[in-house]
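A.B. asks: Once you've had a glance at the structure underneath, I'll fire off some questions.
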Amino acid sequence: MILTPKITARLVIVGLFGVLLQLTFFSRVELFHVSPDVLPALVVSFGLLGGTMTGAVSGFAIGFLLDCLLIQPIGGASLVLIAVGYAAGTFRERFEIHSRLVVPLMCAILTFLAELGFGAVEAMFGIETDVSVLVVRDMLIKSLFAFFLGWAIYAGMRRLVRPALVDEATVRRTRRPTVLGA
Amino acid sequence: MYRKQVRRRRAVLALLVVGSFALLTLTYGQGSNGLQRGVTAVFAPVSSIFDRALKPARDLINWVDETFDARGKNHRLEEELQIARKEAVGGKAAVAENAELHKLLKFDQSGAIPEGIEPVTARVIGLSPTVWFSDVMIDVGTGEGVRPGDPVVNGDGLIGHVSAATGSTAKVTLISDHSSAVSVRVVPAGVQGIVKATVGEPNRLVLSFLNSDKNIHKGESVVTAGWHGEGIESRFPPNIPVGEVTRATIFEQEAQERSVVRPYADLRNLDTVQVLTGGASK
């Protein structure tokens with residue numbers, strides 16, 4: 001991705017919008033008694049479109065904003081989302097995304113790992129109460145939501161930053177050239 | 001060239017990770033800092049607009065979930081149940097309190113909520129996204145007299161306490177959060193204990209008994225006891241309904257000295273709450 005000031009502004013707006021939407025909408029709706037968490041999927045999309053640096057920086061920024069708005073120790077969510085963004089970016093830089101299932105699967109797997117990461121950060125500070133096995137069920141359902149929502153988030157973001165995508169020109173060139181006079 | 005690029009990427013990654021750890025170390029244990037107060041001051045109005053605008057969509061999805069789960073609720077019946085529950089719990093608490101007062105031959109009865117406490121109504125504008133925290137953000141803060149430690153209730157009963165506050169917003173740590181501990185009393189049995197959460201199950205609180213000489217039974221009500229001790233940060237006024245005992249076999253009480261409580265308040269669907277400001281928590 002070529003990061004021009006215009007594209008950077010778009011990414012910042014998407015990040016802000018994503019965090020606000022998560023706190024005011026997704027966290028407060030329930031399906032199967034579980035609320036979707038779209039932020040890891042959003043960071044995965046940043047990583048898959050922009051690479052390791054974009055993924056890690058967006059993960060840090062989104063985590064930072066989340067911690068600020070939730071008035072919790074700053075840095076915990078950032079740590080987890082940096083790892084998510086960097087992992088997605090590394091995947092993008094090392095492998096070609098051939099199948100349409102790759103993006104939703106990445107979103108689902110990394111959302112599950114992010115939830116584990118949030119748990120690990122919380123455990124670092126000490127959890128003094130019982131932890132139910134249902135936490136695993138909740139994390140799996142969140143991953144399932146990320147599978148479906150991640151695809152939509154990625155498609156939307158791809159459309160939004162299309163002018164900056166390096167490989168987009170290649171995709172457009174797949175149409176066979178018209179030979180004049182043939 | 002490529003190696004230089006890789007080195008630069010790793011350096012940025014290391015910087016971000018070290019920065020996160022540094023921020024975590026600096027801000028851990030603080031209620032709220034200047035940065036958070038600034039950010040929330042800017043975003044609170046936007047969050048409030050988002051919250052109001054998205055309410056119909058949220059309600060629609062939650063309605064689908066409830067219908068799917070065959071939990072269709074009748075608004076009128078819920079209101080009636082709420083009133084009846086309040087009366088029942090209030091009555092049981094009053095009977096138990098009356099008996100104690102008769103025993104002590106003291107007739108100066110104090111109110112359920114001590115004098116000087118002023119409820120401040122607030123809207124929930126944000127909720128923590130992970131399964132590990134049970135925090136909500138509300139649209140009132142120190143500007144409205146809200147202070148860390150203030151108890152928070154809704155029409156059903158106790159919700160939690162204010163754990164951090166900025167000028168215009170506050171964080172409420174719910175009773176289903178792993179860091180929460182509430183001193184409670186079972187009525188009419190009079191057994192005292194501490195209610196703690198179970199991570200991953202917001203509708204399951206664990207009541208650890210402090211004195212288990214009396215048996216408690218399923219369906220009995222749990223109300224706040226009003227005292228605080230080690231690990232119990234907020235001082236809740238006495239007799240606020242917390243929940244009802246859902247599992248209390250004699251064997252469990254004797255073997256584990258604990259029981260299971262279901263909170264009255266639906267902690268996953270909170271819209272309007274009340275902060276009891278001006279209490280003894282300050």
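Values in this text are rule-based calculations from the coordinates and carry no lab data. Being a predicted model, the structure only gives us computed values, none of them experimental. When we count neighbours, we look across all protein chains shown, and the Cβ atoms used for this are built from the backbone with ideal geometry, even at glycine.
A.B. asks: What does the extension gain come out to for A:F95 and A:R137, with contour length at 0.36 nm per residue minus their alpha carbon separation?
C.D. replies: Gain on stretching A:F95 to A:R137: 12.1 nm.
A.B. asks: I would also like to ask the following. Once amide H atoms are placed 1.01 Å from N in the peptide plane, what residues at a sequence separation of 5 or more from B:A181, or on another chain, have their amide H within under 5 Å of its amide H?
C.D. replies: B:E233
A.B. asks: May I pose another question? Hey, fewest Cβ within 10 Å first, where do A:L144, A:L39, B:L23 land in order?
C.D. replies: A:L144, B:L23, A:L39
A.B. asks: Rounded if a/c is under 1.5, else prolate if a/b beats b/c, else oblate: with a ≥ b ≥ c from the C-alpha gyration tensor eigenvalues square-rooted, which is the stretch A:1-96?
C.D. replies: The shape class here is prolate.
A.B. asks: Okay, next question. Please give the charge dipole size of chain A, origin at the Cα centre, charges +1 on K and R Cβ atoms and -1 on D and E Cβ atoms. Round to the nearest 20 debye.
C.D. replies: Once rounded to the nearest 20, the dipole reads 1240 debye.
A.B. asks: Can you give the mean number of other chain Cβ atoms that lie within 10 Å of the Cβ atoms in peptide B:197-207?
C.D. replies: For this peptide, the per-residue mean of nearby foreign Cβ atoms is 5.
A.B. asks: OK, next. Please list, in order along the stretch A:76-91, the HN-Hα scalar couplings obtained from phi with the Karplus expression 6.51 cos²θ - 1.76 cosθ + 1.60 (θ = phi - 60°), rounded to whole Hz, x for Gly and Pro.
C.D. replies: Couplings: x, 5, 4, 4, 5, 6, 4, 4, 5, x, 5, 5, 5, x, 4, 4 Hz.
A.B. asks: Now for a different question. Residues with amide H under 5 Å of B:T277's amide H, sequence separation 5 or more or different chain, H placed in the peptide plane at 1.01 Å from N; which?
C.D. replies: B:E118, B:V120
A.B. asks: While we're here: At q = 0.17 Å⁻¹, what is the base-10 log of I(q)/I(0) for the stretch A:102-165 according to the Debye formula with one equal point scatterer per Cα and no solvent? Please give it to two decimals.
C.D. replies: Treating every Cα as an identical point scatterer, log10 I(q)/I(0) equals -0.67.
A.B. asks: Quick one: B:V172, A:V43, fewest Cβ neighbours within 10 Å first, how do they rank?
C.D. replies: B:V172, A:V43
A.B. asks: May I pose another question? Need one value for A:129-137: mean number of C-beta atoms belonging to other chains within 10 Å of its residues' C-beta atoms.
C.D. replies: 6
A.B. asks: Then there is this: Taking every alpha carbon pair in the stretch A:5-159, what does the distance histogram look like in 5 angstrom bins from 0, in percent?
C.D. replies: Using 5 Å bins, I get a P(r) of 2, 10, 18, 24, 22, 14, 6, 3, 1, 0 for the stretch A:5-159.
A.B. asks: Could you put B:K171, A:K6 in order, starting from the residue whose Cβ has the fewest other Cβ atoms within 10 Å?
C.D. replies: Arranged by neighbour count, lowest to highest, B:K171, A:K6 become A:K6, B:K171.
A.B. asks: What does the average come to when, for each residue of peptide B:22-30, you count the partner chain Cβ atoms lying within 10 Å of its Cβ?
C.D. replies: Partner-chain Cβ atoms within 10 Å, mean over residues of B:22-30: 5.
A.B. asks: Residue by residue through the stretch A:156-165, what is 3J(HN,Hα) from phi via Karplus (6.51 cos²θ - 1.76 cosθ + 1.60, θ = phi - 60°)? Round to whole Hz and write x for glycine and proline.
C.D. replies: My calculation for the stretch A:156-165 gives x, 5, 4, 5, 5, 10, 3, x, 9, 7 Hz in order.
A.B. asks: At 222 nm, what helix-only mean residue ellipticity would chain A give, in deg cm²/dmol to the nearest 500, using -39500 (n - 2.57) for each DSSP H run of four or more?
C.D. replies: After summing the helix terms and dividing by the residues of chain A, the value is -23000 deg cm²/dmol.
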